[in-house]
Amino acid sequence: MNRFSYARPDSVADAVRAVAGNPAAKFIAGGTNLVDLMKYNVERPTQLVDTARLPGLKEITETAESGLRIGALVTNTAAAYDARVQERYPLLSSTILAGATPQLRNAATTGGNLLQRTRCYYFYDSSTPCNKREPGSGCPAKTGQNRILGILGTSDQCIATHPSDMCVALAALEAVVKVSGPNGERDIPFAEFHRLPGSTPEKDTNLGHDEVVLAVELPESRFPTHYTYLKVRDRLSYAFALVSAAVGLEMDGDTVSEARIALGGVAHKPWRVPEAEAMLRGKTADRAVFQAVAERMLEGAVGYQHNAFKTNLAKRVIVRALSQAAAGTPQSQTDKRIQ
Ligand SMILES: Cc1cc2nc3c(=O)[nH]c(=O)nc-3n(C[C@H](O)[C@H](O)[C@H](O)COP(=O)(O)OP(=O)(O)OC[C@H]3O[C@@H](n4cnc5c(N)ncnc54)[C@H](O)[C@@H]3O)c2cc1C
Ligand code: SF4
């Protein structure tokens, strides 16, 4: 590991100033991803600016719009088991509890979860080329080990996926990311927070280097009864998604009145297709409609040697998740026993 200095400022302004003044500085929260990356020599910050003492970032509070504001330092455990989250946004709770382990969730934070980096093997191995780690060096994953990588929105530069479970629900719930930087505060709609790789795969998000995440805001209660997070992975626990789907429905009897679907494990960002969601509105919830929606969501998918299976898998995951959500029988229910 390289040498670095460490600061623990007491105000957001000081934290932003510290990072803005050094292109090689980084914020750190729970450290569960960043410290690993430093050990692998993938991230080489010369200064770490700890967010732990920043005021007001550890709370979950009500918003004026009847939503919830989840501070960037709220741990994944605290968010998942918050009674208001469980009652009003059980989809979010389900996704968080489908990720990592209880120990990791106790340390991992809301802000850090948004900014965790891809799990592409080549990205973590600094002895191999990787356009995301070292722009212009190449992408061995396209012809190499790509089982866990993307099939939608990829580019010839990078086919990585965003690994978060929580972010899949935040996309479906249309959260807003509140950030602060040298020019003050701004809001980033969740759909615009993460980027596709394009020709700049080194950039995962539209957050500036000198901007700190303050919180994630959720709109008014969404999909409290008809929701599902379905995560398919190589092991039942302690594994990232091969494909996942977060589904929220509003039902009027057997008819879908509103729908949100986001996919994880398939793209550089949680994948939504608003036109596919619109296909559900006003329709009776049945398998034929769900299959048509799944086909639309996977339009344009391109598989590689070891991950082509993901296209059909994703379609089946969507159909099953929609069926479960419509029936009001979520698979990944919040399990109070795992606390
Ligand atoms: C073995 C293992 C298994 C895992 N399994 C899963 C899984 O199944 N599903 C899943 O979703 N996740 C999984 N994770 C990832 C885990 O959820 C993330 O490591 C965690 O959420 C990161 O949060 P953190 O607070 O520790 O972030 P850190 O490691 O502290 O930081 C991560 C990044 O966020 C930046 N950052 C942190 N806070 C802020 C802020 N407020 N403003 C701006 N930048 C900030 C840092 O600069 C850094 O770039 C796993 C991790 C491990 C180690
Ligand atoms: S897929 Fe992206 S992260 Fe993986 S090797 Fe290629 S450029 Fe690097």
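The values are calculated or read from the model by the stated rules, or taken from the named source; none is laboratory data. From a predicted model like this one, the values you see are computed outputs, not experimental measurements. Please note: Cβ atoms are built from the backbone with ideal geometry, for glycine as well, and neighbour counts cover all protein chains shown.
Can you tell me which residue in the stretch 69-127 is surrounded by the most Cβ atoms within 10 Å (Cβ to Cβ), limited to those that are away from ligand 1 (no atom under 12 Å from the Cβ) and of a type in the set (Phe, Trp, Tyr)? Out of the qualifying residues, it is TYR89.
What tally of residues in the stretch 1-28 results from selecting those that are over 16 Å from ASP210 (Cβ atoms) and part of a loop (DSSP other than H, G, I, E, B)?
Within the stretch 1-28, the first condition is being over 16 Å from ASP210 (Cβ atoms), and the residues that meet it are 1-6, 8, 10.
The next check asks that each one be part of a loop (DSSP other than H, G, I, E, B); those that pass are 1-4, 8, 10.
Counting residues in the stretch 1-28 that are over 16 Å from ASP210 (Cβ atoms) and part of a loop (DSSP other than H, G, I, E, B) gives 6.
Within the stretch 192-215, being of a type in the set (A, V, I, L, M) and closer than 23 Å to SER11 by Cα holds for LEU207, VAL212, VAL213, LEU214, ALA215. All conditions but one from (1) within 12 Å of ligand 1 (Cβ to nearest atom); (2) surrounded by fewer than 19 Cβ atoms within 10 Å (Cβ to Cβ); (3) over 22 Å from LEU97 (Cα atoms); (4) without any contact (Cβ under 8 Å) to a residue 40 or more places away in the chain apply to ALA52; the one that does not is (4).
Among residues of the stretch 125-137 that are closer than 17 Å to ASP204 by Cα and modelled with pLDDT of 95 or more, those with a beta-carbon under 7 Å from a residue that is more than 7 Å from ligand 2 (Cβ to nearest atom) and among the aliphatic types (A, V, I, L, M) at least six positions away or on a different chain give the pairs ARG133/VAL42.
Restricting the stretch 323-339 to residues that are touching a Pro at 6+ places or on another chain (Cβ under 9 Å) and part of a loop (DSSP other than H, G, I, E, B), which is modelled with the lowest pLDDT? Please lay out each step first, then the result.
As a first pass, look at the stretch 323-339 and keep what is touching a Pro at 6+ places or on another chain (Cβ under 9 Å): 324, 330, 333-334, 338-339.
Going one step further and asking which of them are part of a loop (DSSP other than H, G, I, E, B), we end up with 330, 333-334, 339.
On the way: PRO330: 82, GLN333: 48, THR334: 42, GLN339: 33.
If we take residues in the stretch 323-339 being touching a Pro at 6+ places or on another chain (Cβ under 9 Å) and part of a loop (DSSP other than H, G, I, E, B), then GLN339 is modelled with the lowest pLDDT.
Please state which one of ASN106, ASN41 is closer than 30 Å to TYR124 by Cα, in a loop (DSSP other than H, G, I, E, B), in contact with a Ser or Thr (Cβ under 9 Å, 6 or more places away or on another chain) and not aromatic (Phe, Trp, Tyr). Full working, then the answer.
On the way: ASN106 fails: in a loop (DSSP other than H, G, I, E, B).
That would be ASN41, the only listed residue that is closer than 30 Å to TYR124 by Cα, in a loop (DSSP other than H, G, I, E, B), in contact with a Ser or Thr (Cβ under 9 Å, 6 or more places away or on another chain) and not aromatic (Phe, Trp, Tyr).
Just to verify a result, which residue in the stretch 55-68, among those that are among the aliphatic types (A, V, I, L, M) and under 16 Å from VAL177 (Cβ atoms), is surrounded by the fewest Cβ atoms within 10 Å (Cβ to Cβ)? Quick ask: steps written out before the conclusion?
Quick first cut of the stretch 55-68, residues among the aliphatic types (A, V, I, L, M) only: 57, 60, 64, 68.
Right, trim to under 16 Å from VAL177 (Cβ atoms) and you get 57, 60, 68.
Working: LEU57: 22, ILE60: 18, LEU68: 24.
Of everything passing the filter in the stretch 55-68, ILE60 is surrounded by the fewest Cβ atoms within 10 Å (Cβ to Cβ).
The number of residues in the stretch 267-322 that are more than 30 Å from ASP252 (Cβ to Cβ) and of a type outside the set (Gly, Ala, Ser) comes to 12. Only one entry in ARG320, ARG296, ARG260, ARG281 is under 22 Å from GLY150 (Cβ atoms), without any contact (Cβ under 8 Å) to a residue 60 or more places away in the chain and either of a type in the set (D, E, K, R) or outside any loop (DSSP other than H, G, I, E, B) (or both), namely ARG296. Tallying residues that are among the aliphatic types (A, V, I, L, M) and in a strand (DSSP E or B) within the stretch 223-243 yields 3. Scanning the stretch 210-250 for residues that are surrounded by fewer than 18 Cβ atoms within 10 Å (Cβ to Cβ) and among the aromatic types (Phe, Trp, Tyr) returns a single hit, TYR238. Screening ASN22 with (1) surrounded by fewer than 20 Cβ atoms within 10 Å (Cβ to Cβ); (2) under 21 Å from the mean Cα position of the chain (by Cα); (3) of a type in the set (S, T, N, Q) gives one miss only, at (2).
Quick check on the stretch 14-21. Is at least one of its residues at pLDDT 95 or above and either among the β-branched types (Val, Ile, Thr) or under 20 Å from ARG222 (Cβ atoms) (or both)? Yes, some residue in the stretch 14-21 is at pLDDT 95 or above and either among the β-branched types (Val, Ile, Thr) or under 20 Å from ARG222 (Cβ atoms) (or both).
For the stretch 138-146, the criterion of a residue being farther than 28 Å from MET297 by Cα and either within 16 Å of ligand 1 (Cβ to nearest atom) or not charged (D, E, K, R) (or both) is satisfied by at least one position.
Pairing residues of the stretch 16-32 that are farther than 16 Å from GLY112 by Cβ with residues that are modelled with pLDDT of 95 or more and of a type in the set (Lys, Arg), at Cβ distances under 9 Å and at least 6 apart in sequence or on separate chains, gives ALA24/ARG44.
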